[in-house]
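Working notes, beginning with the structure itself.
The values are calculated or read from the model by the stated rules, or taken from the named source; none is laboratory data. Not measured: the values here are computed from a predicted model. Note that we place each Cβ from the backbone using ideal geometry, even for glycine, and neighbour counts take in every protein chain shown.
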Amino acid sequence: MNDQRDIPVIGGKSFMAVAINCAAKAGEWIKTKLGKHTSLSLKYSAQDLVTEVDKGAETMIRNLIMTHFPHHSFLGEEGVQPGPEASMRALHDMRDEEYLWIVDPVDGTTNFVHGFPFFSVSIALAHKGEVIVGVIYDPMRDELFVAEKGKGAYVHGQRMAVSQEGTLRESLLATGFPADPQMLVPNMQGLQALVPQVRNIRAGGSAALHMAYVAAGRLSGFWEYGLNAWDLAAGSLLVTESGGQVTDIAGEPYHLGIRHVAASNGLMHDSFVSELKKAGVQQ
Ligand code: 2AM
Ligand code: CA
């Protein structure tokens, strides 16, 4: 069984089934560990946390994926050295692999550590650099968000659609405050520019879950600076398959290397991005 073509079932359905199985299993295990983690370390900065639960969940997901698809490649947050340079290098080395699984075992580790119930497992599969499967699981609400390229996006088995707000004035946005101190300045400038123009802004602490909420129509849009491929890959497909738009802060279409993201229902995307640009915070 050295050749991938010898593996009997490798169709899209099987990719999705494995992604869902991994997210559900890891999510349930993470939930049992809430308030019970025993090790807490800092990574890139004092705000960048990791626990044994992040590492254990990633190992669990990696092992399951490798059992089903031993020839696929795997990019997980906990397998990469901390910091933006190492993340970019890891993605650069892997982004053109035929099948690449991109995994954040716990997106929202700070929330997990504090018992704030807003974190998720994010699992994406990219084929030659294009995301074809995206699954985000919120174990606290038992919500599973799934999308397959060209086949739509679903939560609780119901087709998702982005919200209908056409203006910033009607919009509920979300953002995040990055652990990289250099990225805080542009984030704060964007926040200052947008707060007076929108209905309100939330900062829940899980980029992946914010993306899922844009897809589900619960948020009109989300932006954040300094994110990594594993924070965004699954969510990007959820949003586009729900009819929304995902770009970088300059308005360029989403790709795996994007770190500064703007995702929205599409209807107010131009004014959203234009306000961020006006705040002078493209990069
Ligand atoms: P994490 O919990 O997986 O680390 C919160 O603003 C968002 O930023 C979360 O999705 C969080 O993901 C992410 N985040 C936290 N630290 C980060 C870092 N050092 N680099 C990039 N993203 C980070
Ligand atoms: Ca993480």
Q) Between residues in the stretch 96-125 that are more than 12 Å from ligand 1 (Cβ to nearest atom) and residues that are of a type in the set (A, V, I, L, M) and at pLDDT below 95, which pairs lie under 6 Å by C-beta distance while being six or more apart or on different chains? A) Leu100/Met94
**Q.** Check on Asp231, of a type outside the set (Phe, Trp, Tyr), modelled with pLDDT under 95, within 22 Å of Pro84 (Cα to Cα) and under 18 Å from the mean Cα position of the chain (by Cα)
**A.** no
**Q.** Residue among Gly166, Gly205 that is assigned to a loop (DSSP other than H, G, I, E, B) and within 16 Å of the chain's Cα centre (by Cα)
**A.** Gly205
Q) Before we move on, is Ile20 within 16 Å of ligand 1 (Cβ to nearest atom) and under 19 Å from the mean Cα position of the chain (by Cα)? A) no
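Every residue, every condition in (1) closer than 14 Å to Leu237 by Cα; (2) within 17 Å of the chain's Cα centre (by Cα); (3) within 16 Å of ligand 2 (Cβ to nearest atom), yes or no:
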| residue | (1), (2), (3) |
| --- | --- |
| Pro105 | no, yes, yes |
| Gly108 | no, yes, yes |
| Phe116 | no, no, yes |
| Ser120 | no, yes, yes |
| Ala174 | no, yes, no |
| Phe177 | no, yes, yes |
| Pro181 | no, no, no |
Q. Among all residue pairs at least 6 apart or on different chains, which show Cβ distances below 8 Å where the first residue, located in the stretch 206-233, is without any contact (Cβ under 8 Å) to a residue 40 or more places away in the chain and the second is within 12 Å of ligand 2 (Cβ to nearest atom)?
A. Leu232/Ala207; Leu232/Ala208
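Conditions tested, residue by residue: (1) more than 16 Å from ligand 2 (Cβ to nearest atom); (2) of a type in the set (Ser, Thr, Tyr); (3) crowded, with 20+ Cβ neighbours inside 10 Å; (4) closer than 19 Å to Ile123 by Cα.
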position: Arg218; (1), (2), (3), (4): yes, no, no, no
position: Ala233; (1), (2), (3), (4): no, no, yes, yes
position: Ser236; (1), (2), (3), (4): yes, yes, yes, yes
position: Gly243; (1), (2), (3), (4): yes, no, no, no
position: Pro253; (1), (2), (3), (4): yes, no, no, no
position: Arg259; (1), (2), (3), (4): no, no, yes, yes
position: Lys277; (1), (2), (3), (4): yes, no, no, no
**Q.** Residue list for the stretch 234-283, restricted to those being of a type in the set (Asp, Glu) and not in a loop (DSSP other than H, G, I, E, B)
**A.** Glu241, Asp248, Asp270, Glu275
